[in-house]
Amino acid sequence: MAKNIVISGDTMTGKTMIAVALARKLVSEGKKVGYFKPAGTKCFHLSTPGEDVDEDATIMKGLLGMDEPLAVICPIVRATSSYDELLKIGDAALKERVRDSYERISKGRDYVIVEGTKAPWHLLHVGLSTPQIAAELEARVVCLVNFPDVTAIDDVLLQKNLFAREGAEDIGIVLTQVPPMLRKPITERIGPYLKTQGVRFCGAIYHHRELFSPTIREIQRALAGQMVFGEAKGDLPIDQFMVGSMAPENALKWFRRAKDKAVITSGDRTDICLTALETDTNLLILTGGLGPDMATLTRARELDVPIMTTAHDTFRTSQIVDGLVGTVSADNPEKLSDVERILRDSLDLDCLGA
């Protein structure tokens, strides 16, 4: 019977990174490892008219060389508006679909790494939230919590209580995106305190650009974008995304707040483009399928700032890129190596369940 490890966390906590690190460690020890994501989100640039797929499932299928089809690895793939659809299908049918897929994944394997929903409480309304799945599978849980400051300790306890309510008691905690200045308080006080609260404290991931900042190439792939200029800078990381939709005089003050950023705006907003280029901008993302005018292109070439176009509108573009923070892809071996090295140094992988 396979051992199950459920990885839970809110958006942008690095669930897939942890899945990658755990999977590769277990495989290196000769274990047979499968990956399962009961409910994912439709990836528009990978889905086809005949099949909606989840990007994380695609990545892990490739990394682990799994033979099962994506529809088994991730049996429920939601579009943004799919909640009504799930209610129509009903709890019983959805749970049966998940159960059948899990049985296929777990057969003949020593471990199954189960990635949770976009946030732990998602799909609570149909009985498929991450705590409910963890209890059903009698799994060990690794709960990732973003920890920007010490007040987030309440978020940790909230997560623990959420799982305990469903009967999932074996909880490990990983603090993520932690500012380096909190290293001493976490080591000396917060970590020991969490252990007194009945959770396994498995370590902290301090903010690393290599882990949490997507590269221009990863952004281009997610947006199905076209590079107008600067394709050679595909490995350049982007630390922050800012939407430019205001008046230029307000935009300048706004853009000066962030370094190493990408600015997202409509291709016909030459005023915003030129304003962004006067600040520390690493990438212009022009939406709506509109390319830059000559003034923007000329100035970008002078400053060596890449320009990308995408057919998505500004709102959808910002949604997609926000989901890229803390992700990995199978076609980026350098980042995979960075993920393994940093997580191996930061976490107690045995504590996670490996």
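The values are calculated or read from the model by the stated rules, or taken from the named source; none is laboratory data. From a predicted model like this one, the values you see are computed outputs, not experimental measurements. Cβ placement follows ideal geometry from the backbone for every residue including glycine, while neighbour counts extend to all protein chains displayed.
Do we have residue 1 as in a loop (DSSP other than H, G, I, E, B) and either at pLDDT 85 or above or closer than 15 Å to residue 116 by Cα (or both) here? No; evaluated as a whole, the condition is false for this residue. From the set of residues in segment 160-203 that are polar (S, T, N, Q) and without any contact (Cβ under 8 Å) to a residue 12 or more places away in the chain, which is surrounded by the fewest Cβ atoms within 10 Å (Cβ to Cβ)? So, considering only residues that are polar (S, T, N, Q) and without any contact (Cβ under 8 Å) to a residue 12 or more places away in the chain, the one surrounded by the fewest Cβ atoms within 10 Å (Cβ to Cβ) is 196. Of the residues making up segment 155-180, those that are in a helix (DSSP H, G or I) and either modelled with pLDDT under 90 or under 22 Å from residue 3 (Cβ atoms) (or both) are 159, 160, 163, 164, 180. Hey, could you check segment 236-255 for residues that are at pLDDT below 85 and not hydrophobic (A, V, I, L, M, F, W, C) and say which is nearest to the chain's Cα centre (by Cα)? Among them, the one singled out is 245. For segment 280-294, the criterion of being among the hydrophobic types (A, V, I, L, M, F, W, C), out of contact with any Phe, Trp or Tyr (no Cβ under 6 Å at 6 or more places or on another chain) and assigned to a helix (DSSP H, G or I) is met by at least one residue.
When you look at residue 201, is it touching a Cys at 6+ places or on another chain (Cβ under 9 Å), more than 19 Å from residue 346 (Cβ to Cβ), hydrophobic (A, V, I, L, M, F, W, C) and assigned by TED's automatic domain parsing to the domain that holds residue 120, yes or no? When the stated conditions are applied, residue 201 does not pass them. The residue list 255, 241, 229 contains one member that is in contact with a strand residue (DSSP E or B) (Cβ under 9 Å, 6 or more places away or on another chain), surrounded by fewer than 18 Cβ atoms within 10 Å (Cβ to Cβ) and either among the aromatic types (Phe, Trp, Tyr) or in the same structural domain as residue 58 (by TED's automatic domain parsing) (or both), which is 229. Condition test on residue 71, is it loosely packed, with under 14 Cβ neighbours inside 10 Å and within 21 Å of the chain's Cα centre (by Cα)? Judged against the criteria, residue 71 is not a match.
Residue 211 meets the conditions (1) buried (at least 20 other Cβ atoms within 10 Å of the Cβ); (2) outside any helix (DSSP H, G or I); (3) of a type in the set (A, V, I, L, M) in every case but one. The failed one is (2). Exactly one residue out of 93, 39, 57 is among the small types (Gly, Ala, Ser) and in contact (Cβ under 8 Å) with a residue 40 or more places away in the chain, and it is 39. Look at (1) closer than 19 Å to residue 351 by Cβ; (2) part of a helix (DSSP H, G or I) and you find that residue 152 fails only one, number (1).
Scanning segment 210-221 for residues that are of a type in the set (A, V, I, L, M, F, W, C) and at pLDDT 85 or above yields 216, 219.
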